[in-house]
1. Lys149: touching a residue at least 40 places away in the same chain (Cβ under 8 Å), outside the structural domain of Gly41 (by TED's automatic domain parsing) and in contact with a Gly (Cβ under 6 Å, 6 or more places away or on another chain), yes or no?
2. Quick check: is even one residue across the range 249-256 crowded, with 21+ Cβ neighbours inside 10 Å, more than 20 Å from Lys67 (Cβ to Cβ) and in contact with a helix residue (DSSP H, G or I) (Cβ under 8 Å, 6 or more places away or on another chain)?
3. Quick check: anything in the range 266-276 surrounded by 11 or more Cβ atoms within 10 Å (Cβ to Cβ), free of Cβ contacts under 8 Å to residues at least 24 places away in the same chain and in contact with a helix residue (DSSP H, G or I) (Cβ under 9 Å, 6 or more places away or on another chain)?
4. In the range 31-40, which residue that is of a type in the set (A, V, I, L, M) and in a helix (DSSP H, G or I) is farthest from Gly94 (Cα to Cα)?
5. Looking at Asp64, is it closer than 30 Å to Asp186 by Cβ and either without any contact (Cβ under 8 Å) to a residue 24 or more places away in the chain or touching a Leu at 6+ places or on another chain (Cβ under 9 Å) (or both)?
6. When you check Gly201 against the structure, is it small (Gly, Ala, Ser) and in the same structural domain as Thr42 (by TED's automatic domain parsing), yes or no?
7. Out of all the residues in the range 141-185, which are among the acidic types (Asp, Glu) and either crowded, with 18+ Cβ neighbours inside 10 Å or not in a helix (DSSP H, G or I) (or both)?
8. Restricting attention to the range 278-294, which residues are in contact with a helix residue (DSSP H, G or I) (Cβ under 7 Å, 6 or more places away or on another chain) and part of a loop (DSSP other than H, G, I, E, B)?
Amino acid sequence: MMWKKLFVSSLMGLLLSTGIKPVMAGTVLENIAKSGVFNVGTPLNLVPYAYYNEENQLDGFSIDIVKLIHKQLEQELGRKIELNFVEVNSLQEGFPKMMTGEIDIACNTVFTWERDKHIDFTLRYTISGIRLLLPKGKIPSDTSFAKQKIGIPPQTFVRDAIKLAYPNAVFVEVASLQEGITALKDGKIDALGGDSILLDGLRQQVDKDGFEQFPPFTEPSLAQYGVACVVPENNSSFLNIANYSIAKMMEGYLVKDPEMTELFNKWIGANGVVDVVSEESIELFFKSNIVNHEQIPFPKQ
């Protein structure tokens, strides 16, 4: 899901070593207007954000967010724009594609100060947190997890939060959540750390009734954060369109606009694909996100 932190020198070294030169001519918005194509980097198997549904159509919460941005782009540019999805599953794929203009935006990511040196973040479109996934009924009586093996995916913010919460655990690095769930099923680790929304999506793909998360959802997660999209730096016009689209979704949800409420509730909440975030948390998060922005009016229902 998330992009590992990368220093400018190493990023540029990667690009130059592969013969890739950053695109400098034209802003993202100018390039979209000229080409008529909006290129979106996305994974294809990341429940609930972006995955193929039962009808074999690319679907997901982030896909719906991108479609809102796409609709706003067409309104702003006054023309039809093709929406093109480019598979992006890793940092090594994502950064070069964004630097060269192959993709204009990518979602499902979390702000870190290091990442912010190289890319710009949109408004956050949901809240999530860090928890542990364990086999059902296997939460230890000693919830300090002392000497328990906890699988840690590559994201530094996940690793740091888990190590701070459980300093006496044994930490086992895993290359991905998919590798981690395999290790968990095979008994090589006792718990798998990660983003609670992604962990629940993974649970549903692997074994709906075989796993549970800790801390329980009645308690705070180990860390909380917003989930956002990222765009190339210094593209304020394009970023404004993306932010307006996300703010409109949040505003619509808060005023109970049917379209925006249905869009969000389809994915997150009691009747959504994942039910790991309370309605109260979502409302508070949305209010805090849009309080510093101009209100977007919706017709009274």
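The values are calculated or read from the model by the stated rules, or taken from the named source; none is laboratory data. Please read all numbers here as calculations on a predicted model, not as lab measurements. Quick reminder, even Gly has a Cβ in these numbers, built from the backbone with ideal geometry, and neighbours come from all protein chains shown.
1. Working: touching a residue at least 40 places away in the same chain (Cβ under 8 Å): yes; outside the structural domain of Gly41 (by TED's automatic domain parsing): yes; in contact with a Gly (Cβ under 6 Å, 6 or more places away or on another chain): no.
Spelling it out, it is not the case that Lys149 is touching a residue at least 40 places away in the same chain (Cβ under 8 Å), outside the structural domain of Gly41 (by TED's automatic domain parsing) and in contact with a Gly (Cβ under 6 Å, 6 or more places away or on another chain).
2. No, the range 249-256 contains no residue that is crowded, with 21+ Cβ neighbours inside 10 Å, more than 20 Å from Lys67 (Cβ to Cβ) and in contact with a helix residue (DSSP H, G or I) (Cβ under 8 Å, 6 or more places away or on another chain).
3. Pass one, the range 266-276, residues surrounded by 11 or more Cβ atoms within 10 Å (Cβ to Cβ): 266-269, 272-276.
Those still in the list that are free of Cβ contacts under 8 Å to residues at least 24 places away in the same chain too: 269.
If we keep only those that are in contact with a helix residue (DSSP H, G or I) (Cβ under 9 Å, 6 or more places away or on another chain) as well, we get 269.
Taking every residue of the range 266-276 in turn, at least one turns out to be surrounded by 11 or more Cβ atoms within 10 Å (Cβ to Cβ), free of Cβ contacts under 8 Å to residues at least 24 places away in the same chain and in contact with a helix residue (DSSP H, G or I) (Cβ under 9 Å, 6 or more places away or on another chain).
4. The first filter runs over the range 31-40 and keeps only residues of a type in the set (A, V, I, L, M), leaving 32-33, 37, 40.
So of that shortlist, the ones also in a helix (DSSP H, G or I) come out as 32-33.
Details: Ile32: 19, Ala33: 22 Å.
Taking the candidates together, the pick is Ala33.
5. Details: closer than 30 Å to Asp186 by Cβ: no; either without any contact (Cβ under 8 Å) to a residue 24 or more places away in the chain or touching a Leu at 6+ places or on another chain (Cβ under 9 Å) (or both): yes.
Criteria not met by Asp64.
6. Numbers: small (Gly, Ala, Ser): yes; in the same structural domain as Thr42 (by TED's automatic domain parsing): no.
In short, no.
7. Here is the first cut: in the range 141-185, the residues among the acidic types (Asp, Glu) are 142, 160, 173, 179.
Passing the criteria: Asp142, Glu173.
8. Filtering the range 278-294 down to residues in contact with a helix residue (DSSP H, G or I) (Cβ under 7 Å, 6 or more places away or on another chain) leaves 283, 286-287, 289-290, 293.
Selection gives His293 alone.
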